[in-house]
Structures are given as C-alpha cells and as structure tokens.
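What follows is one structure encoded as structure tokens, with my remarks underneath.
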Amino acid sequence: MEYAIVTHTDIDGVAGAALYIYKTGLSPTKVLFAEPFNLVDVLKSAELVEEKVVIIDLGINPPTLSELVDELREITRRGVAVEWYDHHVWNDEWETLVKNLGVKLHVDTSTCGTGVVAKYSPRLTEVNEVFLNELMNGVCGADLWKFDHWLSPWLHRLVPRHGGDSWRIHLLNTLSKGVLWNDDFTNYVSNRIDWELKAYSEFISNVRVAEACGLKIAYIYEPRVNSSLAASIILGRSRADIAVVVSSDGKLSFRSENFDVRSLAVKLGGGGHVHASGAKIRIPITTRLKSFFNKEALINYVHRVISTTMCSEN
Ligand SMILES: [Mn+2]
C-alpha cells in the first residue's frame with residue numbers, strides 16, 4: 001500500500017502523522033507539511049501517484065475552499081483515495097462538500113489532531129496503549145494550550161514555528177517507531193529553553209508600565225518569544241492588570257487575569273476572549289517613522305489610544 005501524508009507543521013501535525021504510521025505499521029512514500037492556507041498548493045505540488053493521501057490536523061481555509069474542492073475532485077478522479085483527520089471547527093456545508101467527493105473525513109473537536117488520529121485511524125498492528133495515550137495527552141495539552149500533562153511544555157518547544165522540515169522528519173521517524181522521548185529531544189529542548197530565557201531577560205528590561213483610569217498596563221514591543229508566554233511573564237513580573245504586546249504594524253495582543261480585555265479589543269475593532277484578545281490599530285506615518293529608531297514613540301502612541309478608549313464613558 002503506497003500512500004502519502006500531508007500534515008500540519010506544528011507538533012500536533014508531526015505527532016499525528018507519526019501516530020498514523022505507528023498504528024498502521026506502514027511507511028508513507030512521502031510526508032509533506034502544510035498550513036491551512038497553502039494546503040491546495042501543497043496538494044498540487046505533491047503530484048500524487050499513490051493509492052491514498054492522508055491529511056492530518058488541517059482545517060478549512062474559507063478563501064481557498066472552492067479551489068481545494070476542485071483539487072480534491074481531481075485527485076480522487078485519478079484514483080487516489082483521501083482520508084482526512086482534523087479537530088478544527090467545520091461547518092455542515094464544508095463537511096458535505098468534502099464527503100461528497102468520497103473523502104473519508106473524521107472531524108472531532110473534543111481533542112487535538114493527534115487525538116483524532118488516535119481515535120479514528122486504522123489500527124493494523126500491535127499498539128502500545130501507554131505510548132499512544134501519553135503521546136496523545138502530551139500533544140493535546142500543548143496544542144489546546146492546557147498544559148495539563150507533564151510532556152506538554154516539552155512537546156510545545158520541540159517543534160518551533162520557524163524550525164525546518166528536516167527536524168520535523170527526524171521527529172516523525174523517531175515517534176513513529178513508538179519512542180516517546182529520547183536524548184536528542186532533550187538536547188533540542190534544553191537549547192531552546194536557553195534561547196527562551198535569554199529572550200525573556202532581554203524583553204523584561206524593556207517592559208514599559210503606564211496607567212490608565214487607575215489600571216496598570218504593561219507594554220512590550222515584539223518579543224522574540226510567543227506572545228502568550230511573553231504576556232504571562234510580564235503580567236506576573238510587573239503586577240500589571242493588562243499586558244499589551246505591540247507590533248510595529250499596529251497589531252496589539254491583550255492579556256489579563258482579572259480585567260475584561262475583550263471589550264477593549266472590541267472598542268478598537270478587534271475581538272477575542274475575556275482574558276486574551278487582540279486588535280489592529282492604524283499607526284500614523286510620523287509615529288511609524290519615529291518608532292523606526294525609537295520604540296518609545298510607538299508605545300506612547302499606543303498608550304494614548306488605549307487610555308482614551310478605556311477611559312471614555314461608553
Ligand atoms: Mn492542532
């Protein structure tokens with residue numbers, strides 16, 4: 001049985017593909033990595049001649065849906081079977097469109113992509129339940145941002161956003177043999193943590209704290225680490241009510257523990273959740289130019305916009 005895998009670039013995608021190989025005992029002829037927005041292009045460039053393609057941890061990107069449906073029709077017409085395992089939210093119309101092409105679609109939003117593979121993919125060989133469950137729970141804890149399993153913070157750092165495909169393939173080869181963790185992984189993550197700690201100490205000295213309507217707001221400009229991690233550190237360090245991660249293009253991410261940052265984001269034309277939200281504001285050209293040399297100018301401007309918005313009556 002010759003088959004190809006197209007999976008997401010993150011740990012959920014890598015582990016999901018590895019688990020598929022582990023459970024079936026079948027090695028794929030190729031593994032390709034994709035994001036929802038470029039899935040169509042990856043499928044086209046794959047020039048599939050295999051009997052089957054397995055798509056993992058990739059949801060529908062509405063702007064490319066019709067192009068995707070055309071490509072799937074073309075693939076199935078050539079006699080390539082399609083299996084698809086995903087945990088993102090699908091609406092009924094998308095499901096019907098894709099299933100009508102003969103795609104075997106498994107969508108389950110109660111778990112992560114690796115969990116969907118664990119639950120629904122064929123089990124053709126001897127499977128170690130402990131390995132399967134530890135991998136699934138560790139990956140889900142990282143992917144769903146719960147961190148409720150001891151492996152999650154490690155797995156989260158094992159596949160950084162801008163890491164290369166050769167590292168992903170190395171991980172995939174190891175995990176698909178039923179190895180949950182090894183010294184290579186430890187070395188990789190410990191280097192990664194050293195890098196992270198340097199990045200933290202760098203931005204901690206650059207946090208700017210200001211007040212608006214009696215609330216303490218901590219600002220940080222484009223940290224090299226993940227915005228959520230950066231924000232949780234500055235909230236704790238500066239005992240601020242709100243953390244704002246500022247980008248030079250006007251993109252703002254808000255995080256808080258007790259304050260409703262969703263309503264702030266909505267007033268600025270954005271949205272999100274009560275404790276994690278975001279918006280994009282327009283930065284005047286003069287501020288942009290000034291902030292090229294001095295980030296203070298940008299932070300000052302953003303603070304003026306936020307305090308005006310928060311302190312106004314409605
Ligand atoms: Mn996922």
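Brief remarks follow.
- Of all residues in the range 292-314, those that are touching a residue at least 40 places away in the same chain (Cβ under 8 Å), under 11 Å from Val246 (Cβ atoms) and either outside the structural domain of Pro223 (by TED's automatic domain parsing) or of a type in the set (Val, Ile, Thr) (or both) total 3.
- Residue within the range 99-112 that is at pLDDT below 95 and away from the ligand (no atom under 16 Å from the Cβ) present: no
- If the condition is being more than 12 Å from the ligand (Cβ to nearest atom), at pLDDT 95 or above and not in a helix (DSSP H, G or I), then the range 84-98 contributes only Trp84.
- Of the residues making up the range 70-80, those that are β-branched (Val, Ile, Thr) and either touching a residue at least 60 places away in the same chain (Cβ under 8 Å) or crowded, with 18+ Cβ neighbours inside 10 Å (or both) are Ile75, Val80.
- Among the candidates Ala17, Ala46, Ala34, residue that is more than 13 Å from the ligand (Cβ to nearest atom) and of a type in the set (A, V, I, L, M): Ala46
- The range 93-118, residues that are surrounded by 14 or more Cβ atoms within 10 Å (Cβ to Cβ) and basic (Lys, Arg): Lys104
- Residue match in the range 59-67 (condition: surrounded by 15 or more Cβ atoms within 10 Å (Cβ to Cβ), away from the ligand (no atom under 16 Å from the Cβ), farther than 19 Å from Phe37 by Cβ and assigned by TED's automatic domain parsing to the domain that holds Leu26): no
- Hey, Ser166 of a type in the set (Ser, Thr, Tyr) and either within 16 Å of the chain's Cα centre (by Cα) or within 16 Å of the ligand (Cβ to nearest atom) (or both) or not: no
- Highlighted here would be strands (runs of 3 or more DSSP E) found entirely within the range 233-314 that include at least 1 residues which are exposed (fewer than 14 other Cβ atoms within 10 Å of the Cβ) and of a type in the set (Ser, Thr, Tyr), but there are none.
- Residue within the range 139-150 that is of a type in the set (D, E, K, R), away from the ligand (no atom under 16 Å from the Cβ) and either outside any loop (DSSP other than H, G, I, E, B) or touching a residue at least 24 places away in the same chain (Cβ under 8 Å) (or both) present: no
- The requirement of being aliphatic (A, V, I, L, M), surrounded by 14 or more Cβ atoms within 10 Å (Cβ to Cβ) and within 20 Å of Ala34 (Cα to Cα) is not satisfied by Val127.
The values are calculated or read from the model by the stated rules, or taken from the named source; none is laboratory data. Every value quoted in this text rests on a predicted model; they were computed, and no experiment measured them. Note: ideal-geometry Cβ built from the backbone for every residue, glycine included; neighbour counts use all protein chains shown.
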